[in-house]
Amino acid sequence: MLPRIKSVAIQLALSLLFLVLTVGFVFFFEQKING
Amino acid sequence: MLARTIPGRLRFLCTALFLALILLTGLRIAFFTAFHDTDTPLGSGAIASAFWLGFRFDLRLLLLLLLPMVLLWRVPRLNPTRTEWARRFWPVHLSFMTACMVLFYVVDFGNYAWLRERVDASRLSDVENPWTSLKLVWQTYPLGRALLGLAAFVAVSSWFLRKRLTRCVEEEPDFSAKYRRVATVVTILVFVCGLYGKVSFYPLRWSDAFGSTHRFQSHLALNPVLFFIDSVLASEDVPFDRKRVKSHYDEVAAYLGVDEPDPETLNFSRRVRPTPVGEYGTRRPNVYLIQLESFAYQQTGLSGNPLDASPNFDAIAKEGLLFTRFYTPRDGTARAVYATLTGIPDTIKHRTATRNPRAVDQYTIFDALSGYQKFYFLGMSAGWANLRGLISKNVRGLKLYEEGAFKSDRVDVWGVSDLHLFEESFQILQAERGDEPYFVYIQCSANHPPHNIPEDKRDFVVKEEDEETLVENGFDHNRAYNSYRFQDYALGHLMKLVREAGELENSIFFLFGDNGMRGKIRHMPPAEEAFGLGNYHTPFLIYAPGFIKEPKVIDAPCGQLDILPTIAGAVGAGVWNRTLGRNLLDPRFKEHFAFIQDKRGSATRVMLMDRDYLARINIDGSNGRLYRYAAEKPREDVSDQHPELAQRLTRLGLGIYETSKYLQYHNAPSRYAEEE
């Protein structure tokens, strides 16, 4: 059970990290495209 | 069938994109159903147009969210065809991202139900008191149940997507390397087209949603996530300080001629007093407002420049009311359009106010002038600097003609040439006009680097001058010189067309430059070069041969803020003036001023000029100086000799600056509707 919780926690943490990076990327893109 | 033709990961990508598009379209339908206005319903064409635009915004957002994942698939550990872990992780990540997006939509819907506004950067102020805001939301909305619902959504969606991803990558046949390359190219093309979003020189931008004056149509078309991000990116301007506005209120209100001043409500509204320039009979004259590109005063022949670069303008200037000391509050085309339309100087430091979503909700005299058919012509795309939102959203019934509306070929990045812009605009005007008088704003844009002149230049003759003479007289090189001359030639062509159509006698032309040009300007007072005034100095001309019987040269300082109030006065319309411009023809204004916001290094400062003096002060109130405009040594500070004048001018300059920031937030037409 513990390894499974650990795995899900890692996935969510990594997902959060990617989400932050993705949002940063969207900001960057919108800044460039809006001139 | 698909399994045999499309690589597995691409198939999964299509599934995820398709489902997400359905979700976002569903949310748009929900938004429409919940909030559409039954009093002013949208036509089916407008609804379809809003949905189509919204679909393209949604597609862009989803592609942006998917792109990092697609790129990370290049990393072996994160590649779902290589590892079981990646096949588990990406579905969870996509579901989590979707849940966050849905949560944002929920907040946006709540905000709209409350304020009838989509969430923008102003909501960031709630984050300053996160616990209070959170408590408010918790107590108002069933947040607990919503979060549980979202968690369930993540679980179900992760399960479904994982099943789908596993199937996609496991069922994949052995495609050839060439086939895979083709698939990669197609994918890249889909991403590029979807992200660009538009068949135009400029990509899809938030202001495309504001192509209509119907508020709900614009709100329906927006993607709330992208709009929020765009508003955050544009909210770099310094916020206003009400106390400072109040402390300068008395002198600013007196300067503007506010009839009922009230420092508590900060009322700046007053009626423009009609000051017709001739006898109009029963029909008001047509109005041509022509914004010439980089039309520096010192480069005109009438300034004493010997290169004779503006013979057509000079000729008509002799028959009109010529303001020789017209200064733009900032340099730059987009700032000029903003200042002219709103009567507020664009105080935003790095970008422009037109790029700020607040620009779509501004009162303008252009809108308030009733009884006119209104047209706006520009030879390039109104997507540039997000001008479209400012122009289309704030002026009801306006017909905007831009890139794509003209038959002539574009010359370069600045669109069609000024000659073709004028010619085709006039043709469109003649075809579209009805019985009412018309008000047409023509924005030139071609007198810019690379200074191209079109192949079809009629009988325009390119001149060559030696470089030294050019530089001595304010032109960088022959291309710039001829480009300036060509704009003037195009203006002459327009005048010919108007005259031949018999429209000259019943029209009033208002001509001005969007900004001037730096450079050597030996024939001008030394203060112009010493304080960089050439950058802001353009002529302003009121030309109406059918009405103005006594031409005048007027050396009263003035600027773009004054244009629309002056037009309203000149056509005899007593409309509300609510911002910082004044009717230059109103005899009760004895003193005239030009306001300029200048920058030196990181310090922003304001300048205010009256007929004889120029006051300059940093925006923090430091380094106040007074200079004599006509002095041989203009940098000599004379504030000790005229302390009261120095104090009065610097205070008024700062007052206009502080008030302009305040008005950018307080000039929404809805605000005035409540007041009246």
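Read-outs: derived from the displayed coordinates by stated rules, not from any lab. All values derive from a computational prediction rather than experimental measurement. Positions of Cβ are backbone-derived with ideal geometry, glycine not excepted, and every protein chain shown enters the neighbour counts.
The charge dipole of the stretch B:209-280, taken about its Cα centre with unit charges on the Cβ of Lys, Arg, Asp and Glu (plus for the first two, minus for the last two), comes to roughly 140 debye.
What is the dipole size for chain B, taken about its Cα centre, with +1 at each Lys and Arg Cβ and -1 at each Asp and Glu Cβ, in debye to the nearest 20?
3160 debye
For the stretch B:352-433, applying the loop criterion from DSSP together with a ceiling of 16 other beta carbons within 10 Å to the trypsin sites (Lys or Arg not before Pro) yields B:ARG396, B:LYS407, B:ARG433. For the stretch B:352-381, the residues whose amide N sits under 15 Å from a probe point set 7 Å from the Cα of B:THR213 along the beta carbon direction are B:360-376.
With contacts taken as Cα pairs under 8 Å and at least 6 residues apart, the stretch B:209-356 reaches a relative contact order of 17 percent.
When the helices of chain B are scored as -39500 (n - 2.57) per DSSP H run of n ≥ 4 and the total is divided over every residue, the value at 222 nm lands at -14500 deg cm²/dmol. Just want to confirm a number: the relative contact order over the stretch B:77-203, from Cα pairs under 8 angstrom separated by 6+ residues, in percent. The normalised contact order for the stretch B:77-203 reaches 32 percent.
Within the P(r) computed for the stretch B:556-676, what percentage of the Cα pairs occupies the region above 22 Å?
Details: 3139 of 7260 pairs.
More than 22 Å apart: 43 percent of the Cα pairs in the stretch B:556-676.
Shape of the stretch B:167-235 from its Cα gyration tensor (a ≥ b ≥ c, root eigenvalues): rounded if a/c is under 1.5, otherwise prolate when a/b > b/c, or oblate? Can you show the working numbers first?
Numbers: a/c = 3.26, a/b = 2.55, b/c = 1.28.
Prolate, since a/c reaches 1.5 and a/b exceeds b/c.
Global dimensions of the stretch B:24-96 from alpha-carbon coordinates: Rg and Dmax equal 18.5, 58 Å. Candidates B:PRO173, B:GLN217, B:THR187 compared by Cα position along the dipole of the stretch B:126-250: farthest toward the positive end lies B:PRO173, with charges placed on Cβ.
Helix hunt in chain B: which complete DSSP H runs extend at least 18 Å axially by C-alpha with mean Kyte-Doolittle at least 0.0?
B:8-35, B:44-72, B:84-115, B:143-170, B:177-196
Each principal axis of the Cα atoms in the stretch B:151-296 has its own extent, and those three values, largest first, are 82, 42, 35 angstrom.
Bridging of B:LYS661 to lysines at a Cα separation below 19 Å is possible for B:LYS243, B:LYS246, B:LYS349, B:LYS599, once same-chain residues fewer than 8 apart are set aside.
Placing unit charges on C-beta atoms (Lys and Arg positive, Asp and Glu negative, everything else neutral), compute the dipole magnitude of the protein assembly as shown about its Cα centre in debye, rounded to 20. Intermediate results must be reported in sequence, preceding the final value.
On the way: 83 positive and 79 negative charges, 754 e Å.
Approximately 3620 debye in magnitude.
Just check the stretch B:370-498 against the gyration tensor rule for me: Cα atoms, a ≥ b ≥ c as the square roots of the eigenvalues, rounded for a/c under 1.5, and otherwise prolate or oblate depending on whether a/b exceeds b/c. Could the numbers behind the result be given before it?
Values: a/c = 2.33, a/b = 1.84, b/c = 1.27.
Since a/c reaches 1.5 and a/b is larger than b/c, the shape of the stretch B:370-498 is classed as prolate.
Between B:THR282, B:LEU67, B:LEU654, the Cα set farthest toward the positive side of the dipole of chain B (charges on each charged residue's Cβ, about the Cα centre) is that of B:LEU67. The Cα atoms of the stretch B:3-136 give a gyration tensor whose axes a ≥ b ≥ c have a/c of 1.5 or more with a/b no greater than b/c, which makes the shape oblate.
Out of the DSSP beta bridges found with both residues in chain B, what percent are antiparallel (nearest 5)? Let's see the in-between values first.
Working: 28 of 54 bridges.
The antiparallel proportion sits near 50 percent.
Could you tell me the relative contact order of chain B? Use alpha-carbon pairs under 8 Å, at least six residues apart, and round to a whole percent.
Values: 1169 pairs, mean separation 117.2, N = 676.
Taking the mean separation of contacting Cα pairs over the length of chain B, I get 17 percent.
Please give me, ordered by residue number, the GluC sites (Glu not before Pro) of the stretch B:30-131 that lie in loop per DSSP and have at most 13 other Cβ atoms within 10 Å. Display every interim value, and only then the final one.
Values: sites: B:GLU84, B:GLU117, B:GLU128; in loops: B:GLU117.
Those that pass, being in a loop and sparsely packed, number zero.
Between B:SER622 and B:GLU117, what is the FRET efficiency for a Förster distance of 41 Å, r being their Cβ-Cβ separation, to the nearest 0.05?
After rounding, the FRET efficiency stands at 0.60.
Between B:VAL75 and B:ALA673, what is the FRET efficiency for a Förster distance of 56 Å, r being their Cβ-Cβ separation, to the nearest 0.05? Taking R0 as 56 Å, the efficiency between B:VAL75 and B:ALA673 is 0.50. Less than 5 angstrom separates the built amide H of B:TYR288 from those of B:VAL440, B:ILE508, B:PHE509, B:PHE510, all sequence-distant by 5 or more or on a different chain. Applying the Kirkwood pairwise sum to the alpha-carbon positions of chain B produces a hydrodynamic radius of 27.8 angstrom.
At 1.567 mPa s and 4 °C, plugging the Kirkwood radius over alpha-carbon pairs of the protein assembly as shown into Stokes-Einstein gives what diffusion coefficient in µm²/s?
Details: Rh = 28.2 Å.
Translational D for this selection: 46 µm²/s.
In a DSSP loop and with at most 16 other Cβ atoms within 10 Å, the GluC sites (Glu not before Pro) in the stretch B:264-335 are B:GLU264, B:GLU279, B:GLU319. What FRET efficiency comes out for the pair B:GLU591/B:HIS523, r = Cβ-Cβ distance, R0 = 22 Å, nearest 0.05? Plugging the Cβ-Cβ distance into 1/(1 + (r/R0)^6) gives 0.20.
At 10 °C and 1.306 mPa s, what whole-number value in µm²/s does Stokes-Einstein give for the translational diffusion of the stretch B:87-189, with Rh from the Kirkwood sum over Cα pairs? Calculated translational D: 93 µm²/s.
Quotient of the Cα radius of gyration of the stretch B:242-317 and 2.2 N^0.38 Å, N being its number of residues: 1.77. In order along the stretch B:503-515, the Karplus-derived 3J(HN,Hα) couplings, from 6.51 cos²θ - 1.76 cosθ + 1.60 at θ = phi - 60°, round to 9, 5, 6, 10, 10, 10, 9, 10, 10, 8, x, 6, 6 Hz, and Gly and Pro are given as x.
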